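Here the structure comes first, spelled out in structure tokens, and everything after it is commentary.
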Amino acid sequence: MPLLDIVTYPDERLKKRALPVEEVDDEIRRLVDDMAETMYTAPGVGLAANQVGILKRVAVVDTDYADADPNLIVLINPEIIERDGKITWEEGCLSFPEILEDIDRAARIKVRALNRDGEPYELEAEDLKSVAIQHELDHLDGVTLIDRVSFLKRRMIHRQLVKPKTSD
Ligand code: ZN
């Protein structure tokens, strides 16, 4: 399975809303498998299709990847149907190398999505798993961590990742 190239800020595809998957077919399953491998290799705890330049509502999350048994969560056409509480987590993003920012999220969520076989399921998540899922769902709406920080921080992140061409 090929590794996919991860799109980084300020690529325009990170700002686009991904479109719903109409049918979970072999092409989508291949995308899921390639995204999972790309995420594990990076390594990261989540990856959304926008981040590999594909505007489909597909994301993968695994917050247990450091354990012996991986626990891959496949989210196709995901929707948050319940959210509760508040949590602040220092988040990173494979599309924002070396950036870590405190972001406020719901502490607990319930998600409805399709799995790799196209079957609907619901999942409850808290702590890092909840944070990672909300982060990936943001990506599918064209929202990244730079949209969730103050104006000042946004400018600092931009300067750090977009180096002036005349600097050397
Ligand atoms: Zn991200």
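Looking at Ile6, is it open to solvent by 20 Å² or more (accessible area, probe 1.4 Å) and touching a strand residue (DSSP E or B) at 6+ places or on another chain (Cβ under 8 Å)? When the stated conditions are applied, Ile6 passes them. Among residues of segment 79-106 that are over 21 Å from Ala18 (Cα atoms), those with a beta-carbon under 6 Å from a residue that is of a type in the set (Ser, Thr, Tyr) at least six positions away or on a different chain give the pairs Asp102/Thr88; Asp104/Thr88.
Determine whether Glu122 is away from the ligand (no atom under 16 Å from the Cβ) and touching a residue at least 40 places away in the same chain (Cβ under 8 Å).
Values: away from the ligand (no atom under 16 Å from the Cβ): yes; touching a residue at least 40 places away in the same chain (Cβ under 8 Å): yes.
Yes.
Looking across Ser130, Ser95, one residue alone is of a type outside the set (D, E, K, R) and within 13 Å of the ligand (Cβ to nearest atom). It is Ser95. Taking the condition of being touching a residue at least 24 places away in the same chain (Cβ under 8 Å) and farther than 19 Å from Lys16 by Cα, how many residues in segment 133-168 meet it? The number of residues fulfilling the criteria is 5.
Out of everything in segment 41-59 that is of a type outside the set (S, T, N, Q) and free of Cβ contacts under 8 Å to residues at least 40 places away in the same chain, what residue ends up being nearest to Ile80 (Cα to Cα)?
The first filter runs over segment 41-59 and keeps only residues of a type outside the set (S, T, N, Q), leaving 42-49, 52-59.
When the remaining residues are screened for being free of Cβ contacts under 8 Å to residues at least 40 places away in the same chain, the result is 43, 54, 56.
Numbers: Pro43: 25, Ile54: 21, Lys56: 17 Å.
Filtering segment 41-59 for residues that are of a type outside the set (S, T, N, Q) and free of Cβ contacts under 8 Å to residues at least 40 places away in the same chain, the one nearest to Ile80 (Cα to Cα) comes out as Lys56.
Looking at segment 106-119, can you tell me whether even one residue there is within 16 Å of the ligand (Cβ to nearest atom) and open to solvent by 10 Å² or more (accessible area, probe 1.4 Å)? If you could, list the steps in order and put the result at the bottom.
Going residue by residue through segment 106-119, those that are within 16 Å of the ligand (Cβ to nearest atom) are none.
Looking through segment 106-119, none of the residues is within 16 Å of the ligand (Cβ to nearest atom) and open to solvent by 10 Å² or more (accessible area, probe 1.4 Å).
For residues that are open to solvent by 100 Å² or more (accessible area, probe 1.4 Å) and in contact with a strand residue (DSSP E or B) (Cβ under 6 Å, 6 or more places away or on another chain), tally how many sit in segment 121-168.
Taking segment 121-168 as the starting set, the residues that turn out to be open to solvent by 100 Å² or more (accessible area, probe 1.4 Å) are 124, 126, 148, 151-152, 155-156, 159, 163, 165-166, 168.
So of that shortlist, the ones also in contact with a strand residue (DSSP E or B) (Cβ under 6 Å, 6 or more places away or on another chain) come out as 124, 126, 148.
The total comes to 3.
If you check Thr88, Thr41 for being at pLDDT below 95 and more than 12 Å from the chain's Cα centre (by Cα), only one passes: Thr41.
The values are calculated or read from the model by the stated rules, or taken from the named source; none is laboratory data. Predicted, not measured: the structure shown is a model, and the values here were computed from it. Backbone-built Cβ (ideal geometry, glycine too); neighbour counts: all protein chains shown. Remember, those area values only see protein heavy atoms, side chains included, never the ligands or the DNA or RNA. Shrake-Rupley method; radii C 1.70, N 1.55, O 1.52, S 1.80 Å.
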